[in-house]
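What follows is one structure encoded as structure tokens, with my remarks underneath.
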Amino acid sequence: MSLSIKMDIDAVEDVTCLDPELLQLPDVSPFALKASPQLVEDLFSQWLSLPGTGHLVKSLIDDAKSGTIVNASTNFSTLNAVGSHSLPSMFPSSNAPPLSPRSSSGSPRTSRQKSSPSALGSPLKLVSEPMQEIIPQFYFQNGCPPTKELKEQCLSQINHLFNNPLNGLQIDEFKAVTKEVCKLPSFLSSALFRKIDVDWTGIVTRDAFVKYWVDGNMLTMDIATQIFEILKRPGCKYLTQVDFKPVLRELLATHPGLEFLRNTPEFQDRYAETVIYRIFYHINRSGNGRLTLRELKRGSLVAAMQHADEEEDINKVLRYFSYEHFYVIYCKFWELDTDHDFFIDRENLIRYGNHALTYRIVDRIFSQAPRKFTSEVEGKMGYEDFVYFMLSEEDKSSQPSLEYWFKCIDLDGNGVLTPNEMQFFYEEQLHRMECMAQEPVLFEDILCQIIDMIAPEREYCITLQDLKRCKLSGNVFNILFNLNKFVAFESRDPFLIRQEREEPTLTEWDRFAHREYIRLSMEEDVEDASNGSAEVWDESLEAPF
């Protein structure tokens with residue numbers, strides 16, 4: 001057997017090198033080769049007739065006889081080098097057939113290497129393999145580690161601030177670390193201090209801070225994630241209202257714009273509660289009292305915190321922290337709560353806005369259709385419930401407000417406002433207009449106006465998404481249950497229109513709170529002048545505004 005193979009190889013060596021031009025083929029695609037197995041056989045036979053192929057086969061047999069480990073990939077590379085000169089137009093070096101069916105290293109699928117066509121060029125097109133790209137790691141379970149430069153810069157600041165005999169800082173000294181190293185609002189200092197000082201030793205050492213902030217990869221997180229991690233309790237994946245109380249306590253204790261409240265702890269608590277309620281009203285869109293990291297990032301709280309930390313006048317921080325806004329909300333609640341038990345019933349709420357609301361909408365609110373009350377007292381609305389109501393009533397352009405009133409009008413809860421549901425609420429409006437000797441507007445005309453205003457996807461079926469797409473959606477609810485605002489909308493007060501154009505960044509709530517604060521301040525000044533005293537209310541439990 002071996003003698004026969006040897007004779008064949010010797011015969012191959014004597015074969016004259018074939019003229020490459022005789023082996024030229026038209027352009028052949030890989031799909032054509034697969035579809036024509038005979039063509040592949042012919043090409044393989046021509047390849048075997050090359051002198052280089054004979055030398056390769058002979059060397060492999062000699063290696064096998066001598067017991068030498070056969071390196072197919074090396075021999076294959078040698079053959080490519082030889083074959084490229086003998087038959088440049090037959091096979092590009094990356095597409096030569098395998099040496100053996102069992103040799104994975106010689107497979108054209110696994111052993112292709114980048115090469116350029118030979119000098120003579122080949123009509124067979126060279127299929128270029130895509131370059132492999134190394135994708136850097138983009139997910140880190142415990143956060144992305146800081147770069148060497150960032151870490152060294154941070155450690156330099158830490159060493160400077162912690163350079164004292166105790167090698168640590170007490171809580172009143174920790175604010176510089178919060179501002180300069182962590183780049184966080186200063187009133188988060190206490191919360192950050194307590195997060196690190198888990199044993200309540202009253203001091204945070206340098207090593208403890210480095211372990212939490214640098215080694216814990218807090219350094220590379222975005223500011224929203226940093227705040228979320230600092231405020232949330234261990235094991236929780238959300239924030240509750242309680243988690244914000246330490247932040248508000250420090251804000252009240254340190255902010256110059258709230259210094260006048262330091263001697264009135266009761267109203268410090270009321271201010272803190274109002275701010276927290278406003279935060280959850282706007283940001284906690286699920287309404288479950290659990291503020292997630294995604295909700296925190298999508299909201300404007302982080303920017304408002306930074307603004308409050310930089311601005312000395314707290315009333316200029318319109319989002320959440322304005323004291324004037326708190327003043328307006330609390331005074332409205334106090335006016336309606338005639339017995340001062342800190343609860344409001346139906347008869348109290350019907351007086352809101354000079355009896356602007358209809359009985360039917362008030363009944364829907366007390367049926368807890370838009371939101372379940374937190375008062376836990378039957379037929380009573382607590383302060384938090386009132387804050388949600390008032391923010392929704394005075395700014396019907398906001399998405400939380402649209403959701404609030406949509407649930408009120410959607411009597412069957414099917415997610416669609418129908419003409420019958422809207423007519424149910426408008427009937428009382430129509431009756432009130434007749435009682436006030438105003439020209440009544442028929443519901444058919446009102447319905448046409450609403451449909452033209454909202455332009456719903458399905459005629460006479462208004463969804464929440466239809467309302468959110470329209471900038472005038474709030475007027476629909478005013479038409480249905482708030483007579484005073486309905487009349488104002490019909491009259492188109494030019495003063496209000498000009499004011500909106502001059503201050504486009506202000507919301508309806510911002511404008512209302514500003515007007516109402518001025519009115520309340522003027523009433524207080526008049527009452528002060530008539531009483532000859534700076535005290536507005538005599539009752540010890542009432543607000544000393």
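Counting the residues of region 431-449 that are open to solvent by 30 Å² or more (accessible area, probe 1.4 Å) and more than 44 Å from the chain's Cα centre (by Cα) gives 11. When 205, 240 are screened for being in contact (Cβ under 8 Å) with a residue 12 or more places away in the chain, surrounded by 16 or more Cβ atoms within 10 Å (Cβ to Cβ) and under 24 Å from the mean Cα position of the chain (by Cα), only 240 passes. Please work out if residue 187 is in contact (Cβ under 8 Å) with a residue 24 or more places away in the chain and of a type in the set (Phe, Trp, Tyr). Judged against the criteria, residue 187 is a match.
Might you let me know whether region 405-416 holds any residue that is touching a helix residue (DSSP H, G or I) at 6+ places or on another chain (Cβ under 7 Å), at pLDDT below 95 and open to solvent by less than 10 Å² (accessible area, probe 1.4 Å)? No, there is no match, as no residue in region 405-416 is touching a helix residue (DSSP H, G or I) at 6+ places or on another chain (Cβ under 7 Å), at pLDDT below 95 and open to solvent by less than 10 Å² (accessible area, probe 1.4 Å). When restricted to residues that are open to solvent by less than 10 Å² (accessible area, probe 1.4 Å) and in contact (Cβ under 8 Å) with a residue 40 or more places away in the chain, region 302-319 contains 3.
Taking every residue in region 161-173 that is at negative phi and pairing it with any residue that is of a type in the set (Gly, Ala, Ser) and not in a helix (DSSP H, G or I), at least 6 positions away or on another chain, the pairs with Cβ-Cβ distances below 8 Å are 162/168; 170/202; 171/202. From the list 392, 375, the one residue that fits, being open to solvent by less than 40 Å² (accessible area, probe 1.4 Å), of a type outside the set (D, E, K, R) and modelled with pLDDT of 95 or more, is 392.
Is there any pair with a first residue in region 511-528 that is closer than 18 Å to residue 325 by Cβ and a second that is hydroxyl-bearing (Ser, Thr, Tyr) and open to solvent by less than 90 Å² (accessible area, probe 1.4 Å) whose Cβ atoms are under 8 Å apart and which are 6 or more apart or on different chains, and what are they? That search, which allows pairs on different chains as well, returns 513/322; 517/327; 520/327. Do the conditions hold for residue 275, that is, is it aliphatic (A, V, I, L, M), in contact (Cβ under 8 Å) with a residue 24 or more places away in the chain, closer than 30 Å to residue 363 by Cα and open to solvent by less than 60 Å² (accessible area, probe 1.4 Å)? Considered against the rule, which asks whether it is aliphatic (A, V, I, L, M), in contact (Cβ under 8 Å) with a residue 24 or more places away in the chain, closer than 30 Å to residue 363 by Cα and open to solvent by less than 60 Å² (accessible area, probe 1.4 Å), residue 275 comes out as yes. Those helices (runs of 4 or more DSSP H) of region 249-349 in which 1 or more residues are at pLDDT below 95 and in contact with a strand residue (DSSP E or B) (Cβ under 7 Å, 6 or more places away or on another chain) are absent.
The values are calculated or read from the model by the stated rules, or taken from the named source; none is laboratory data. Owing to the predicted nature of the structure, the values given are computational and were not obtained by experimental measurement. Methodologically, a virtual Cβ is constructed for each residue, glycine included, from the backbone with ideal geometry; neighbour enumeration extends over all protein chains shown. What goes into the accessible areas is simple: the full protein's heavy atoms, side chains included, and nothing from ligands, DNA or RNA. Shrake-Rupley method; radii C 1.70, N 1.55, O 1.52, S 1.80 Å.
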